[in-house]
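Colleague: Below are the C-alpha cells for one structure; questions will follow.
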Amino acid sequence: MLEVKHLTKIYEDGTVALRDVSFTVEDGEFLVVIGLSGSGKSTLLRCINRLIEPTEGQIIWNGIDITAADPAQLREIRRQIGMIFQQFNLVKRSSVLTNVLAGRLGYVNPWASLLHRFPKEDIEMAMQALERVGIADQAHKRADELSGGQQQRVGIARALMQQPKMILADEPVASLDPVLAHSILGYLEQLNQEEGITVICSLHFLDLVQRYATKVIGLRDGRIVYRGTREDIRRMTDEEFKEIYGEEAVRVSVGPREGGA
Amino acid sequence: MATRTIQREKLPSLVPPPVAGIASLIIPGLGQVLARETRRGLLLFGSLVSITGLMVWRIYDLAHLEPGPLAMLRKAIARRPVFVVPMLIGIVALWLWNAWDAYRQAQPDVKGGAGIFVLVIVLFFTLGWQIGEIDLYKLGSELPDAWRPLSQVLWPWPAAVEREEEILSAGADILVPCDDNPPPPPEEVPGQPYLVATPTCGELSELGENNQIIPGTTLKLVGRGFAPNTETKIWWVDPLGNEFVVRQSGEYVVFQTDDTGSFEIELIMPYRLIPPSAAGPQIHRVEARQVVGTGPARPSEPLRISIARMIETIFLGMMATIFGIFFSIPISFLAAKNLMSGSWLTLAVYYFTRTILNIVRSIEPLIWAIIAVVVVGLGPFAGILALTIHSIAALGKLYSEAIESIDPGPIEAIQATGANRLQTIVYAVIPQMIPPFVSFSIYRWDINVRMSTVIGLVGGGGIGFVLIQYIKLLDYRAAGIAVWFIAITVAILDYVSAEIRQRFV
C-alpha cells in the first residue's frame, strides 16, 4: 500500500506544484491521475520515487518512508518502482537491448555494469521482456531507429527488467497516436491484472481514463479536486469534468471507444 | 496627418522646411534632427564627416609633399584624376542632397527615401577601392611574368626525382697568340667524348679604344661522342686555371647535342684580361661540358623533405588535438552552465572559464605560434604548443555546449531504475556526449593539420616551415611540391573527417 500524506512541493522559483496532497493506493490498483498540463501530475509521480525532492509531507510504501530514505535505501526502493515517460527517455544512441538492460542497473554489480557487462540471465530476461512487448527482433537496433510506439514498448521492457512492484507512468501515451495508446495501456493493464503490479499513471484523455482506471484522482493547481472509483468516473458529469479541467474544457474522444461530447 | 504607413507616427518638424535645409547645409544632418528624424540626421552627419575625412587623408597621402592645401589638391587630381574628381563631385552632391533631404523631411507628410544612402554607400565603396589599392589592370598585365613561377608551383613534379650526376667533358688546347707551332688536336679515344677546334690557335677578343669589343678569332668546334640530345655548355679555361662559361653576344653558349651526340658550332674566342706580365704565348683551353644523369631515378631532396615535413605536420596536428582534448574535457565541465549554475561560486567559475576561453580562442593560432617560438624556440614543439592552446579554447567551448545540450530525460530514466551516480553517468550522460565529442575532436584535428601548415610560416615546424624557405629561395618547384602535399593531405583529411563524423552523429 502506498500512502501519500500532506505532500507539498514548492520549486526554487516559488512555483507551488503540489499543495497538501494526500491519498492512498492499494496494491494492485490502477490509479489514474488526471488534470491539465501544469496541474502537478508529473511532479506528483516524480515525488513518489524522489526524482523530485518533496518540500513537505511523507510517502510511505509498504511501511517504508520513502521521503526519509538515505541514498542507498532510495536506490533499493527505486529499483522496485518502474517508470515510464511521455518522451520515452531512452538513450537514443544506445541499442534497444542496452536500454532494456539499463533496467537491471539497480540489481547488478555496479562495477561490472560500468563496463557494460551483464549476467547471462539478465540478457535472457531482457530478450524475454522484449518478446513480451513484441519487439524482440529490434533488440540490436539503435533506440532512435524505432518508431514512437516501439520506443515506448522499450520503455515498458526497461521497467519490466526491474521486476517492479509498482509502475509510475507519466503521460505514457501523450506522444503517441490514439491507436498506439490503447496498445501501450493494454500492456500496463495486463501487468496490473496478471502480475498485480500497482500502476500509477497520468493521462489526458477521459476515454482512456474510463477504460483503464480502477481509481482516479484529479489535480488542479496542485490540489486534489476529484477522487473517484471506476464507477464514479464512468458516471462523471460535465460539471465534475469542468471542475477538474476548467470552464473552457471540452471533452474529446480518442481511440475505438465512443466518447461523449 | 496624412500618413499611409503603419509605421510609427511622424512627429511634426520643429522648424519650417527651408530652415531645416539651410541647417543641414551648414552642419550635415542638423536639419533632419530638427525635423525630428534624429537617427537619419546622425547617420548622414556621420557618413559625410567620415567620407570627407577619409578623402582629406587620401589627398594628403597622394600629395603630402606639396606646400599648401590647394597645391595638394591639384597634385592629387593630377595623379589620380579618375578617383579624386568623381569623389569630390560625389561629396558635394551628397552635401547638397543632404540639405534638400532635410528640406523634404521637415515637410509634414514626407518619409523615408533611401536614395541618399545609396550615394553614401557608393562613395564609401569608391574610397575602399582606392584605399585597398585595387588595380585590375595590374592583375592582368603582370600575369604573364608570373606565369613561369606559377606554372612551376602548379606542376612541380619534374623536380620530384633526381639522378646521380656526372660531367661529360672534352677539351682542346688553343694557343694564344698563334705562332709557327700550334698545338696538335687531341687524340680521339673511342667511347670517350672528343672535341676538336680549328684552328688550334688565335687571338682573344679585345677591348678597343672606345670600349667596343674587337672580336677575336672564330673557332670551329666539332664534338663527337657526347650524350645525345643533352644540354651542352662551352667553357673557357685560361692559363691560370680560371673557368667560365663563354658568352656570345651576351648569351651563354648553350646548345643541345644531336641524336648521335655530336655537334658543330662556331665560337668567337672570348675577351680575357691578360696581365702585361703574362705577355707571350699561352695555352688556353676550350671545353664542351654536359651534366648527365646516370643511374636510377630517386626522390629528390625537396620531395624527401616535403614528405618528412608533411608527416611531421600531420603528427603535429594530431598531438595538438590530443593534448587539446585532454585538457579541454575537464575545462568544458567548468564552462557548462547547466552544471555550474548551482551556486554563485560555481557560477563565478563558469563566467571566469568562459571569459578566458573566449579570449584565448579569439587570438589566432599564428599569434600563439609566435609567442610559443619565443618560449621554446623554432620547431614543431612550438607549433604543438600554439595549436594546443587554441584547441583547448575552441574545444572547451564546443564540448561545454555539447554538455549543456544533453537531454535530461534519459538521466532521469536511469536514476529511476535505482542506478547509482556513476552508473547514471555511464549509461545516460556519456552515450549522449560521445557523438558530439568525437565529431568536434575529429573536426579539430582537421583544423589543426590545416593550421599547422600555416604555423610553420612563423617557425612552428611542419611543412609550412620549409614552404616559406623554398619561397624565399625562389625555388618554386620545391615550393610547389610542398603545396601539393598540403593540398593532398588536407583533401584526404577533409574527406576522412567528414566520413567519420557522419558515422558518429
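The values are calculated or read from the model by the stated rules, or taken from the named source; none is laboratory data. Fair warning: this is a prediction, and the values are worked out from it, not measured in the lab. In this analysis, Cβ positions are derived from the backbone assuming ideal geometry, glycine residues included, and neighbour counts consider all displayed protein chains. To get the accessible areas, we keep the full protein, side chains included, count just its heavy atoms, and leave off ligands, DNA and RNA. Shrake-Rupley method; radii C 1.70, N 1.55, O 1.52, S 1.80 Å.
Okay, residues lined up against (1) among the charged types (D, E, K, R); (2) open to solvent by 30 Å² or more (accessible area, probe 1.4 Å):
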position	(1), (2)
A:Trp111	no, yes
A:Lys120	yes, yes
A:Gly134	no, yes
A:Ser147	no, yes
A:Gln150	no, yes
A:Ala157	no, no
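Colleague: Please state which one of A:Ala102, A:Ala69, A:Ala112 is closer than 20 Å to B:Asp407 by Cβ and of a type outside the set (D, E, K, R). Spell out how you get there, then give the answer.
Modeller: Numbers: A:Ala69 fails: closer than 20 Å to B:Asp407 by Cβ; A:Ala112 fails: closer than 20 Å to B:Asp407 by Cβ.
From the options A:Ala102, A:Ala69, A:Ala112, the qualifying one is A:Ala102.
Colleague: So which residues in region B:418-448 are under 26 Å from A:Met166 (Cβ atoms) and of a type in the set (Gly, Ala, Ser), if there are any at all?
Modeller: Across region B:418-448, the qualifying residues are B:Gly418, B:Ala419, B:Ala428.
Colleague: Would you check if there is a residue in region B:62-81 being open to solvent by 40 Å² or more (accessible area, probe 1.4 Å), under 18 Å from B:Thr126 (Cβ atoms) and in a loop (DSSP other than H, G, I, E, B)?
Modeller: Of all residues in region B:62-81, those open to solvent by 40 Å² or more (accessible area, probe 1.4 Å) come to B:64-67, B:69-70, B:73-75, B:77-81.
Among the residues that remain, those that are also under 18 Å from B:Thr126 (Cβ atoms) are: B:73, B:77, B:79-81.
Those still in the list that are in a loop (DSSP other than H, G, I, E, B) too: B:80.
Yes, some residue in region B:62-81 is open to solvent by 40 Å² or more (accessible area, probe 1.4 Å), under 18 Å from B:Thr126 (Cβ atoms) and in a loop (DSSP other than H, G, I, E, B).
Colleague: Out of the residues in region A:65-82 that are surrounded by fewer than 18 Cβ atoms within 10 Å (Cβ to Cβ) and of a type in the set (Gly, Ala, Ser), which is farthest from the other protein chains (Cβ to nearest Cβ)?
Modeller: A:Ala68
Colleague: Still on this structure, please answer the following. Could you check how many residues of region B:238-267 are assigned to a strand (DSSP E or B), over 41 Å from the mean Cα position of the chain (by Cα) and closer than 26 Å to B:Gln212 by Cβ?
Modeller: Of the residues in region B:238-267, the ones assigned to a strand (DSSP E or B) are B:243-245, B:247-248, B:251-252, B:254-256, B:263-267.
Still in the list and also over 41 Å from the mean Cα position of the chain (by Cα): B:263-267.
Imposing the further condition that a residue be closer than 26 Å to B:Gln212 by Cβ reduces the set to B:265-267.
Matching residues across region B:238-267 total 3.
Colleague: Follow-up question, since we're still on this one. Pull up region A:114-141, narrow it to residues that are under 24 Å from A:Ala72 (Cβ atoms) and touching a helix residue (DSSP H, G or I) at 6+ places or on another chain (Cβ under 6 Å), then point me to the one that is nearest to the other protein chains (Cβ to nearest Cβ).
Modeller: Checked region A:114-141; the qualifying residue nearest to the other protein chains (Cβ to nearest Cβ) is A:Leu114.
Colleague: Condition (residue is assigned by TED's automatic domain parsing to the domain that holds B:Ile268, of a type in the set (Ser, Thr, Tyr) and farther than 21 Å from B:Pro270 by Cα) applied to region B:205-212: is it met by at least one residue? Before you say what the answer is, go through the steps one by one.
Modeller: We begin by selecting, within region B:205-212, every residue assigned by TED's automatic domain parsing to the domain that holds B:Ile268; these are B:205-212.
Going one step further and asking which of them are of a type in the set (Ser, Thr, Tyr), we end up with B:205.
Applying the additional criterion that residues be farther than 21 Å from B:Pro270 by Cα yields none.
No, the conditions are met nowhere in region B:205-212.
Colleague: Under the condition of being open to solvent by 20 Å² or more (accessible area, probe 1.4 Å) and either under 14 Å from A:Pro71 (Cα atoms) or in a loop (DSSP other than H, G, I, E, B) (or both), which residue from region B:419-434 is farthest from the other protein chains (Cβ to nearest Cβ)?
Modeller: The selected residue is B:Arg421.
Colleague: Among the residues of region A:83-105 satisfying the criterion of being more than 8 Å from chain B (Cβ to nearest Cβ) and either part of a strand (DSSP E or B) or free of Cβ contacts under 8 Å to residues at least 12 places away in the same chain (or both), which is farthest from A:Leu130 (Cα to Cα)?
Modeller: A:Ile84
Colleague: Right, something else. Within region B:399-418, restricting attention to residues that are within 22 Å of A:Asp70 (Cα to Cα) and of a type in the set (A, V, I, L, M), which residue is farthest from the other protein chains (Cβ to nearest Cβ)?
Modeller: Filtering region B:399-418 for residues within 22 Å of A:Asp70 (Cα to Cα) gives B:411-418.
Add one more test, that the residue is of a type in the set (A, V, I, L, M), and what stays is B:411, B:413-414, B:416.
Details: B:Ile411: 8, B:Ala413: 4, B:Ile414: 6, B:Ala416: 4 Å.
Checked region B:399-418; the qualifying residue farthest from the other protein chains (Cβ to nearest Cβ) is B:Ile411.
Colleague: Those residues that are part of a loop (DSSP other than H, G, I, E, B), surrounded by fewer than 16 Cβ atoms within 10 Å (Cβ to Cβ) and of a type in the set (Asp, Glu), I need them from region A:3-45; list them, please.
Modeller: A:Glu12, A:Asp13, A:Glu26, A:Asp27, listed by residue number.
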